[in-house]
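Written below as structure tokens is the structure these notes are about.
The values are calculated or read from the model by the stated rules, or taken from the named source; none is laboratory data. Bear in mind that the values here come from a model prediction, so they are computed numbers and not experimental data. Cβ placement follows ideal geometry from the backbone for every residue including glycine, while neighbour counts extend to all protein chains displayed.
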């Protein structure tokens, strides 16, 4: 049997060592009494497991016969081709080379960050744990919340070089299997060298990658993820990233936060409304200032006219340049604050506050009222719970300001119209991005624009196309 | 896609290349009040008050004057007098001199209505004397006379006694059948501006004035009052003058039209008034219900009396400022109304006023 011999030849220790040539981090040990070799990466195995499962048993053996017996135990998986052996070693396994067989044992346990609080999506009341980089930990965080065998996990590997683990999670009987199939297909079709983050992955599988708007919701909160799962959405976890994708997503989902549900419904409703107002403010307030001060002086109320004109009086630039300059400064500050360590970041805040606050006005660079409007729109943009959405809106804002500076209110309305038209054209996994507004699904509104009391939230969102739309029994 | 974006950018640049419709706030001279007078030469004297924005100057406003033939021509003349671009989009007040009002205002009002930047809520006021002089005059505690007059009238109108007339109301009443225009009159009282009456128009000409004292009677006859204040003079039993001051006055009026056998119209004007008595200088003790009823009747009588007198004067001047014609019109077929010359019929109408007064309470004390 020359063919089998060839394969055996290829799966020899020598061959594996050849594969890992110049990998200084590879560890190999010999057990001469029993003629066994083990090969593994010490940084991706759990030391305790390694000692208990591999080192101790092997070193206690005296005869080759005993080794054969030991390897019959089920945790030792026999391997016949070298590709699997390499993959196993890379995945945190130990390859045991006996005289005539090769076995793999999984003792995966790399260094990992422990579960900590989320920094980008922190809430006041509610669970504070957040996903970490390890996908298995993340799945365990979700399984801990959903103790159901209906929670299914599909595994794929993405990245021709990196072979990153990607897991698709869905609830059988709740999630729409067409969506699952579509999503799985999209993920399997990705052909690239490496994907490093959930946010990056979502851009590979979006319906319209050129759009400014994120078409999948990303979160790093396990409580959000599990609530998305039970509402019929599909989660995509990617190893080495705390970012979890939830699909399909609608535009309005980005404006809800998990603590809407943990607080009283009145408060939750009020906060949601505040966020939609924040959306309008962040998109339009500065643009409105520009439009009004450069075109529509008629719109200014009498009592505000003099203060506004007075504050504009010393500014040498037309309002549109003034506004763009200030918005740009705010973006500089924000970006600088995000990059710097916290301690230095505070200094930036103070310096920036003085520069764009009092000093800019006193120097006659901008007007007071513009500062107020720029600051409120910056603050408003931070109110939006999803960082991706708020960043997108901040970028769009510049376009709207320019349009307002060129065509006044008409430009402003034109800009908003373009945004709305664009949003109407977007889809998420083929479902409308603007659902439940377009197409109109008034039943869903009570969990979109307001957060109705729980007894009223009987059904799952229409967008999820679930076969099981009733979430709970209506108590009232 | 790239092509489309490029085309869009090009469009933006091309369309704005020669943009001239920008009106940057701090480069505008925003006329707050415009005053119109006729001059002896038959021309129009336009005075405009523009607030001065520069915080470094003592001046709060700039007065521009131009003697022209047309209203809008004045703006061109103004432009030559100031470094700002003169615009009328923030105008709040139009003042017309008495002589101009007597000649007719419609053509000036029409010009304003035609300008899209002039709002419908711009107030229109008649000035006893020369409007330009009043506007240019300094009224010490008030830095800006135009603004002062605007606020004065706003406040007065909210107390219901003197109606503030906006451009919208002027043009509506002017163009409507069966009602005539009214406007408040202000006059210069040396250091103060005073509201001094109501101007009643026939067509677009002012023909009569109602003094402030009778403003309340006029307001009661013209329509609803809400939360108004009223001081009513009564001829006391002993012939002595007595005053009853009412507050929180709400009133309603109802109009009924009958046709008399001789073809004339008879109009019954029902005025009902409710209020609490704040002050009463007469003999009666308001504690007694019977006394209060007597007072109610007395006040009602006095209102009826004065109202009928006022309406008679209006009939003589042929101004139907109460809008009685509208009720007559509504009682007729369209053809009958069209065939009738209301302005000629109006003086012949027999108007009877029926007043009903109710004293809700007489103050919170006791």
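Side notes on the structure shown:
Residues checked against (1) surrounded by 15 or more Cβ atoms within 10 Å (Cβ to Cβ); (2) in a strand (DSSP E or B):
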| site | (1), (2) |
| --- | --- |
| A:105 | yes, yes |
| A:125 | no, no |
| A:137 | yes, no |
| A:140 | no, no |
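- Tallying residues that are within 17 Å of residue B:137 (Cβ to Cβ) and more than 11 Å from chain A (Cβ to nearest Cβ) within the stretch B:51-61 yields 1.
- Per-region count, the stretch A:230-246, residues within 12 Å of residue A:179 (Cβ to Cβ) and in a loop (DSSP other than H, G, I, E, B): 2
- Of the strands (runs of 3 or more DSSP E) lying entirely inside the stretch B:181-245, those containing at least 1 residues that are assigned by TED's automatic domain parsing to the domain that holds residue B:286, touching a helix residue (DSSP H, G or I) at 6+ places or on another chain (Cβ under 6 Å) and at pLDDT below 90 span B:225-235.
- Scanning the stretch A:142-168 for residues that are assigned to a loop (DSSP other than H, G, I, E, B) and loosely packed, with under 15 Cβ neighbours inside 10 Å yields A:147, A:148, A:149, A:150, A:160, A:161, A:163.
- The stretch A:313-353 - residue that is free of Cβ contacts under 8 Å to residues at least 60 places away in the same chain, under 27 Å from the mean Cα position of the chain (by Cα) and closer than 15 Å to residue A:366 by Cα and, of those, nearest to the other protein chains (Cβ to nearest Cβ): A:328
- Counted as qualifying within the stretch B:293-366 are the helices (runs of 4 or more DSSP H) with 2 or more residues that are closer than 23 Å to residue B:216 by Cβ, namely B:324-331.
- Scanning the stretch B:174-192 for residues that are surrounded by 18 or more Cβ atoms within 10 Å (Cβ to Cβ) and under 16 Å from residue B:95 (Cα atoms) yields B:181, B:182, B:183, B:184, B:185, B:186, B:188.
- Which listed residue, of A:379, A:354, is at pLDDT 90 or above and surrounded by fewer than 18 Cβ atoms within 10 Å (Cβ to Cβ): A:379
- Filter result for residue B:171 (more than 14 Å from chain A (Cβ to nearest Cβ) and surrounded by fewer than 18 Cβ atoms within 10 Å (Cβ to Cβ)): no
- Among all residues of the stretch B:26-35, there is at least one that is surrounded by 14 or more Cβ atoms within 10 Å (Cβ to Cβ), in contact with a strand residue (DSSP E or B) (Cβ under 9 Å, 6 or more places away or on another chain) and away from chain A (no Cβ under 14 Å).
- Of the criteria (1) in contact with a strand residue (DSSP E or B) (Cβ under 9 Å, 6 or more places away or on another chain); (2) more than 14 Å from chain A (Cβ to nearest Cβ); (3) farther than 30 Å from residue B:175 by Cα; (4) modelled with pLDDT under 85, which one residue B:77 fails: (4)
- From the options A:288, A:237, A:306, residue that is over 17 Å from residue A:389 (Cα atoms), in contact with a strand residue (DSSP E or B) (Cβ under 8 Å, 6 or more places away or on another chain) and not assigned by TED's automatic domain parsing to the domain that holds residue A:169: A:306
- Within the stretch A:206-229, the set of residues being closer than 13 Å to residue A:138 by Cβ, touching a helix residue (DSSP H, G or I) at 6+ places or on another chain (Cβ under 8 Å) and in a helix (DSSP H, G or I) comprises A:222, A:223, A:225, A:226, A:229.
- There is at least one residue in the stretch A:103-126 that is in contact with a strand residue (DSSP E or B) (Cβ under 6 Å, 6 or more places away or on another chain) and under 24 Å from residue A:386 (Cβ atoms).
- When the stretch A:1-47 is filtered for residues that are at pLDDT 85 or above, closer than 16 Å to residue A:83 by Cα, surrounded by fewer than 16 Cβ atoms within 10 Å (Cβ to Cβ) and in contact with a strand residue (DSSP E or B) (Cβ under 9 Å, 6 or more places away or on another chain), only A:17 remains.
- Residues in the stretch B:89-107 that are closer than 13 Å to residue B:132 by Cα and either within 14 Å of chain A (Cβ to nearest Cβ) or surrounded by 17 or more Cβ atoms within 10 Å (Cβ to Cβ) (or both): B:93, B:94, B:95, B:96, B:97, B:98, B:100.
- Conditions (1) more than 16 Å from residue B:355 (Cβ to Cβ); (2) surrounded by 13 or more Cβ atoms within 10 Å (Cβ to Cβ): number failed by residue B:289: (2)
- Test: residue B:263 is over 26 Å from residue B:155 (Cβ atoms), surrounded by fewer than 20 Cβ atoms within 10 Å (Cβ to Cβ) and free of Cβ contacts under 8 Å to residues at least 24 places away in the same chain: yes
- Residue within the stretch B:271-285 that is closer than 26 Å to residue B:337 by Cα, modelled with pLDDT of 90 or more and surrounded by fewer than 17 Cβ atoms within 10 Å (Cβ to Cβ) present: no
- Scanning the stretch A:219-238 for any residue that is within 14 Å of the chain's Cα centre (by Cα) and on the phi > 0 side of the Ramachandran plot turns up nothing.
- When A:307, A:293, A:286 are checked against the criterion of being modelled with pLDDT of 90 or more, farther than 30 Å from residue A:254 by Cβ and either in a helix (DSSP H, G or I) or within 12 Å of chain B (Cβ to nearest Cβ) (or both), A:293 stands alone in meeting it.
- Flag set for residue B:113, criterion: surrounded by fewer than 18 Cβ atoms within 10 Å (Cβ to Cβ), at pLDDT 85 or above, away from chain A (no Cβ under 11 Å) and within 30 Å of the chain's Cα centre (by Cα).
- Residues of the stretch A:107-122 that are in contact (Cβ under 8 Å) with a residue 60 or more places away in the chain and surrounded by 12 or more Cβ atoms within 10 Å (Cβ to Cβ): A:107, A:108, A:109, A:110, A:118, A:120, A:121.
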